[in-house]
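Report on the structure given below.
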Amino acid sequence: MRPTIIIAAFNETYSIKKVVTTLRRKGYDDIIVVDDGSFDNTSEQAEKAGAIVLRHIINRGQGAALKTGIDYALLKGSALLVTFDADGQHNANEIDAMITPILNEETDITLGSRFLGRATNLPFLKWSVLKIGTFFVYLLYGIKLTDSQNGFRALSRKSALQIQITSDRMEHAGEIIGEIRRNKLRYKEVPVTISYTKYSLGKGQKASAAIALGIRMIIRRFIR
Amino acid sequence: MQAIQLFFLLFLVLIYSVVIARFTKRRLSPRSFIAWSALWIGAILVSINPSLVSYVSDPLGVGRAIDFVIYSAIVLLLYLNFKTYLRQDALNRDLTKVVRSLAIREKKK
């Protein structure tokens, strides 16, 4: 089954072409890039590399962009969806490991985990914030994971239809976990490699934003 | 009556008249109207006779009535702040729905 790769991108003109090209070279040619209101050439680069590009006219956040991509993929009849980062942190070689458990009907959704797998050049501060975030998701939703903030996921059509993402920004990661629980979906963490570079670290969330994020997660947990 | 009481009284009556006007023009729900009326009428009565506050503050064990007024004001402000945040959040999500609709529509063309 041909997986649809969904990539949310905001000002990723530097990396998007390489990410899409690499995916296509590995045989994944069903790629949807959602340009979340970039003010650089992200759309053009993605399109030139061979992706289907949807464009948010203004920036709404990764959660919003992902949902747009998922909705469109489902509209087009996609039966297998994979969410993938635009900044080159994810490894296209690992998509197979992510989709196999779903194709084997072992699980409804696979969640990439850098802590089960590998995270190269992971700064201590970010490591701490990720660990705290994952624990926080456990407190809010009762699901124990090793890495809840990982954007590398694979979903069956059924799970994608059931999971409702209402968060616009980074709290969508926790919300997805909550949706897994609400819909009683089977989930499985799969080891993946996250390669941090100066570029991708620069694009990551600031530790200082974590507190506001935490509050938004709490509110989202109780008010939807 | 002190000058400041009169000043506050006039100010509060003015505000409340706006509340009434909004309600009669149907720009305010009955629920909100009752809630706001309770607040502003309460404030008007207290400005006329400040010692009224002690009827509420004494049973609650608050020493000075004015302390109670301040505590209540803070709680009210926090609550209103939170409601405003929720409204903004809902607005944000509606905006995203519009942006999403545009993005998908553009693609369908």
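What number of residues within segment A:191-206 satisfy the criterion of being within 19 Å of A:PHE135 (Cβ to Cβ) and open to solvent by 40 Å² or more (accessible area, probe 1.4 Å)? Residues that pass the stated criteria total 1. In segment B:56-73, the residue that is nearest to the other protein chains (Cβ to nearest Cβ) out of those that are at negative phi and loosely packed, with under 10 Cβ neighbours inside 10 Å is B:LEU60. Residues that are away from chain A (no Cβ under 14 Å), out of contact with any helix residue (DSSP H, G or I) (no Cβ under 7 Å at 6 or more places or on another chain) and either modelled with pLDDT of 95 or more or part of a loop (DSSP other than H, G, I, E, B) (or both) occur at least once in segment B:37-49. The set of residues in segment B:50-78 being part of a helix (DSSP H, G or I) and more than 22 Å from B:GLN2 (Cβ to Cβ) consists of B:TYR71, B:ILE74, B:VAL75, B:LEU76, B:LEU77, B:LEU78. Screening B:LEU95 on (1) under 30 Å from A:ASP36 (Cβ atoms); (2) under 20 Å from the mean Cα position of the chain (by Cα) shows it passes everything except condition (2). Listed by position, the strands (runs of 3 or more DSSP E) inside segment A:1-71 whose residues that are of a type in the set (S, T, N, Q) and open to solvent by less than 50 Å² (accessible area, probe 1.4 Å) number at least 1 are A:4-9.
The set of residues in segment B:40-51 being under 21 Å from the mean Cα position of the chain (by Cα) and open to solvent by 60 Å² or more (accessible area, probe 1.4 Å) consists of B:ILE41, B:LEU45, B:ILE48, B:PRO50. Of all residues in segment A:75-101, those that are away from chain B (no Cβ under 11 Å) and farther than 22 Å from A:GLU171 by Cα total 15.
Filtered by the rule that a residue be within 8 Å of chain B (Cβ to nearest Cβ), over 14 Å from A:VAL33 (Cβ atoms) and out of contact with any His (no Cβ under 9 Å at 6 or more places or on another chain), segment A:44-74 gives A:ILE57, A:ILE58, A:ARG60, A:ASP71.
The values are calculated or read from the model by the stated rules, or taken from the named source; none is laboratory data. The shown structure was predicted, so the numbers you read here are calculated from the model rather than taken from an experiment. When we count neighbours, we look across all protein chains shown, and the Cβ atoms used for this are built from the backbone with ideal geometry, even at glycine. SASA here: full protein model, heavy atoms, side chains in, ligands and nucleic acids out. Shrake-Rupley method; radii C 1.70, N 1.55, O 1.52, S 1.80 Å.
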